[in-house]
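Down below is the structure, laid out as structure tokens.
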Amino acid sequence: MARSLPEALQHAFWTHPRRRAARPAQANAATPPGAAAGREAQPATERAAKLERLLAMFRKLNSSVEIADILAMAMDAAIDLTAAERGFVLLEQTGGELRVAVARNVDREKVGRSHLKFSYSIAERAIAAQEPVVTVDAQDDPRFREHASVHAMRLRSVIAVPIRSPDGVLGALYLDNRFRRARFAPDDVDLLLAFADQVALALRNARLVDDLRRRTVELEAERRRVEELLRGQAAEIDRLQEEVLVRQQALEHRYDYGAIVGRGPALRAVFATLDRVVDTPVSVLVTGESGTGKELVARAIHFAGPRKSGPFMGINCAALPASLLESELFGHVRGAFTGADRDRTGLVVAARGGTLFLDELGEMPLEVQAKLLRVLQEREVRPVGSAEAVRVDFRLVCATNRDLLAETARGRFREDLYYRVAVVQIRLPPLRDRLEDLPELALHFVRRAAEQLGRPAPQLSREALRRLGQHGWPGNVRELENVITKAVVLCDGRRIGSDDVDLPRAREGGGRGAPRALPDERAALLAALERTGWNALQAARDAGMSRATFYRKLRRLGIQRPAGPPAERPTERSAEPPSGDPTSARGD
Ligand SMILES: Nc1ncnc2c1ncn2[C@@H]1O[C@H](COP(=O)(O)OP(=O)(O)OP(=O)(O)O)[C@@H](O)[C@H]1O
Ligand SMILES: [Mg+2]
């Protein structure tokens, strides 16, 4: 029935002396039976004014999310509301201990340490029961008879209300008056409880905000730490990737074939074979059209292998007549034939501990082939005119642009020798079949030519590159090398345009396959020889072909010098003075 009345009337209803005792728990439960609830009920106007103040306090509480502000406001408001002499806001610690968060006296001065004296037991009782505890005179209250502190402090009027939040009780508002009894009106209990609930909400919000702030700060610190870590890891990943790349490259090919430019599938296959053979003693036959890099590969086999510190002795088998070739290869003793005025060490002996490179092996005369086979079988050589055999120790690498197997069928090459020299074959495809290597090769030659000229490397234009890509390259990499070198010399120094690329018209866009011999080739070669006074090296250079190719063509076309010795001894030892000590003859 009381609940159906308006609030003001409810109050009047309960203040009637007969009903007071029967009042339910809300404000009275903690009040001991027989103890008066305190001051007489307030007149309605006073209560209305208090309610108004209470509302203003709620608004004030809600205006802040700072815990310290809320606690201070709560304390001031509670003292104001109850006209208590002293007030304490007590908060429960994590261990359940009560801590004085704020303490004030009636003059709103902070209560000094020595005065922080309140009844723990009364506050704890309110918290445990989650209900207000009120006493009109603690000295006479049977509930506190046993509590020494209550008597020691001479407490009289005390009110403690729990600060209840949805998460549990946070603490208590504790107000007292040490000098007067019955200080608190029953209305104060209601108001204070409502107020404490509001304080709980404000505190809870403030704590959440505080927590949020702290977490934001923590998260920001964590974010920065992770960012730092990631930055470090990114750098580490970069470094590792680089290392992996370097190791991969190193693993890809066990040896550095740096001089051989190009990474297309054809060359990769060549590198893979090289990897397998370089440090074995097996004989290798390198085949491919003229200018494909056979000699380059032969040198790579030598310089990447275990014999690299030994000599690399090369000889072009197409360049010499049989007798001269024989004597170059196997040596002779003084007086072995007319003109043999001293002993001469053959290349097979000079190559001891190193590599013997027989270029244009397909052109080797059959009688020389027979002698070579013997040397390979017996691993010793008997120089021309000598009765004594000399031990030989060389690795054999040969090159040819002929199909040696087909030559054996024609009887022009010994089959038994073929199987001795071609234990492993490395086939170099023509440049037109591996145009993917062309840009890299072109750039390589641009840089090299510029370096030789002592100039900065000009830029190779796209148009120039496109033009290079359309050419048939019958002269293969050597032809490309020559075209690029010429372009570097003739361009404006900054850029190689398409006009700087000088490609012979007849061959441009050229068909597949090796160049056909032009009908006037014989005349052209003769003219070149005449022009250079039969200096074959110079004539070959002028004609844009290797010395070997040049000699081969001379032989094919049956061109011979009318009379007198050849202008050049076309072996690796050609730079040597004819009278030099033959034992010092070393290749590169
Ligand atoms: N892959 C390559 N990378 C760099 N230079 C190369 C490459 N292939 C060939 N060359 C260069 O091209 C020129 C011709 O190469 P090389 O003399 O090895 O060819 P070859 O096959 O022996 O020719 P020939 O049959 O005419 O004797 C050389 O100057 C060589 O350095
Ligand atoms: Mg060669």
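The values are calculated or read from the model by the stated rules, or taken from the named source; none is laboratory data. Fair warning: this is a prediction, and the values are worked out from it, not measured in the lab. Reconstructed Cβ throughout: ideal geometry from the backbone, glycine too, with neighbour counts over all protein chains shown.
Name every residue in the stretch 330-363 that is on the phi > 0 side of the Ramachandran plot and within 15 Å of ligand 2 (Cβ to nearest atom), in order of residue number. Don't jump to the end; show me each part of the working.
Pass one, the stretch 330-363, residues on the phi > 0 side of the Ramachandran plot: 331, 335, 339, 353, 360.
Across the stretch 330-363, the qualifying residue is only Glu360.
Report, by residue number, each residue of the stretch 406-436 that is surrounded by fewer than 15 Cβ atoms within 10 Å (Cβ to Cβ) and either more than 50 Å from the chain's Cα centre (by Cα) or among the aliphatic types (A, V, I, L, M) (or both).
Scanning the stretch 406-436 gives Ala406, Ala409, Arg410, Gly411, Glu415, Asp416, Val423.
Residues in the stretch 364-377: is at least one touching a residue at least 40 places away in the same chain (Cβ under 8 Å) and either under 30 Å from Arg434 (Cα atoms) or within 15 Å of ligand 2 (Cβ to nearest atom) (or both)?
Yes.
Within the set of pairs 6 or more residues apart or between chains, which connect a residue that is at positive phi inside the stretch 466-489 to a residue that is in a helix (DSSP H, G or I) with Cβ atoms less than 6 Å apart?
Sorted first by the residue in the stretch 466-489, then by its partner, the pairs are Trp473/Leu431; Trp473/Arg432; Trp473/Glu479; Asn476/Leu431.
From the list Arg434, Arg427, which one is under 30 Å from Leu480 (Cα atoms) and either within 16 Å of ligand 2 (Cβ to nearest atom) or of a type in the set (Val, Ile, Thr) (or both)? Working first, answer last.
Working: Arg434 fails: either within 16 Å of ligand 2 (Cβ to nearest atom) or of a type in the set (Val, Ile, Thr) (or both).
The unique qualifying residue is Arg427.
Quick check: anything in the stretch 208-220 touching a residue at least 12 places away in the same chain (Cβ under 8 Å), surrounded by fewer than 16 Cβ atoms within 10 Å (Cβ to Cβ) and assigned to a helix (DSSP H, G or I)?
The first filter runs over the stretch 208-220 and keeps only residues touching a residue at least 12 places away in the same chain (Cβ under 8 Å), leaving 209-210.
Retained after the next criterion (residues that are surrounded by fewer than 16 Cβ atoms within 10 Å (Cβ to Cβ)): 209-210.
From the residues that got through so far, the ones that are assigned to a helix (DSSP H, G or I) too are 209-210.
The answer is yes, given that some residue of the stretch 208-220 is touching a residue at least 12 places away in the same chain (Cβ under 8 Å), surrounded by fewer than 16 Cβ atoms within 10 Å (Cβ to Cβ) and assigned to a helix (DSSP H, G or I).
Taking the stretch 388-401 as the search range and keeping residues that are in a loop (DSSP other than H, G, I, E, B) and without any contact (Cβ under 8 Å) to a residue 60 or more places away in the chain, which one is surrounded by the fewest Cβ atoms within 10 Å (Cβ to Cβ)? Explain how you work it out, then say what you get.
Looking only at the stretch 388-401, we keep the residues that are in a loop (DSSP other than H, G, I, E, B), and these are 388-389, 392-393, 401.
Next cut, without any contact (Cβ under 8 Å) to a residue 60 or more places away in the chain only: 388-389, 392-393.
Details: Glu388: 9, Ala389: 13, Val392: 20, Asp393: 15.
For the stretch 388-401, the residue satisfying everything is Glu388.
Would you check if Ala536 is closer than 26 Å to Leu465 by Cβ, at pLDDT 80 or above, among the small types (Gly, Ala, Ser) and surrounded by 20 or more Cβ atoms within 10 Å (Cβ to Cβ)? Write out each step before concluding.
On the way: closer than 26 Å to Leu465 by Cβ: no; at pLDDT 80 or above: yes; among the small types (Gly, Ala, Ser): yes; surrounded by 20 or more Cβ atoms within 10 Å (Cβ to Cβ): yes.
It is false that Ala536 is closer than 26 Å to Leu465 by Cβ, at pLDDT 80 or above, among the small types (Gly, Ala, Ser) and surrounded by 20 or more Cβ atoms within 10 Å (Cβ to Cβ).
Quick one: count up the residues across the stretch 371-387 that are under 17 Å from Ala351 (Cα atoms) and outside any helix (DSSP H, G or I).
Let us first name the residues in the stretch 371-387 that are under 17 Å from Ala351 (Cα atoms), namely 371-383.
Now drop any that are not outside any helix (DSSP H, G or I), which leaves 379-383.
Total meeting the criteria: 5.
Assess whether Gly288 counts as being touching a residue at least 24 places away in the same chain (Cβ under 8 Å), near ligand 2 (Cβ under 10 Å from one of its atoms) and touching a Lys or Arg at 6+ places or on another chain (Cβ under 8 Å). Working first, answer last.
On the way: touching a residue at least 24 places away in the same chain (Cβ under 8 Å): yes; near ligand 2 (Cβ under 10 Å from one of its atoms): yes; touching a Lys or Arg at 6+ places or on another chain (Cβ under 8 Å): yes.
It is true that Gly288 is touching a residue at least 24 places away in the same chain (Cβ under 8 Å), near ligand 2 (Cβ under 10 Å from one of its atoms) and touching a Lys or Arg at 6+ places or on another chain (Cβ under 8 Å).
Scan Ala406, Ala351 and give me the residue that is free of Cβ contacts under 8 Å to residues at least 12 places away in the same chain and either aliphatic (A, V, I, L, M) or closer than 30 Å to Leu468 by Cβ (or both).
Numbers: Ala351 fails: free of Cβ contacts under 8 Å to residues at least 12 places away in the same chain.
Criteria check complete, one pass: Ala406.
Residue by residue through the stretch 276-332, note down the ones that are of a type in the set (Gly, Ala, Ser), surrounded by fewer than 22 Cβ atoms within 10 Å (Cβ to Cβ), within 16 Å of ligand 1 (Cβ to nearest atom) and more than 22 Å from Met364 (Cα to Cα).
Ala304 - this is the single residue of the stretch 276-332 that is of a type in the set (Gly, Ala, Ser), surrounded by fewer than 22 Cβ atoms within 10 Å (Cβ to Cβ), within 16 Å of ligand 1 (Cβ to nearest atom) and more than 22 Å from Met364 (Cα to Cα).
Please count how many residues of the stretch 378-422 are of a type in the set (Gly, Ala, Ser) and within 19 Å of Glu360 (Cβ to Cβ). Please lay out each step first, then the result.
Our first condition is that a residue be of a type in the set (Gly, Ala, Ser); within the stretch 378-422, this holds for 385-387, 389, 399, 406, 409, 411, 422.
Now restrict to residues that are within 19 Å of Glu360 (Cβ to Cβ): 399, 406, 411, 422.
Residues meeting the conditions: 4.
Testing Ala322 on (1) within 16 Å of ligand 2 (Cβ to nearest atom); (2) within 20 Å of Leu554 (Cα to Cα), one condition comes back false. Which one is that?
Every listed condition holds for Ala322 apart from (1).
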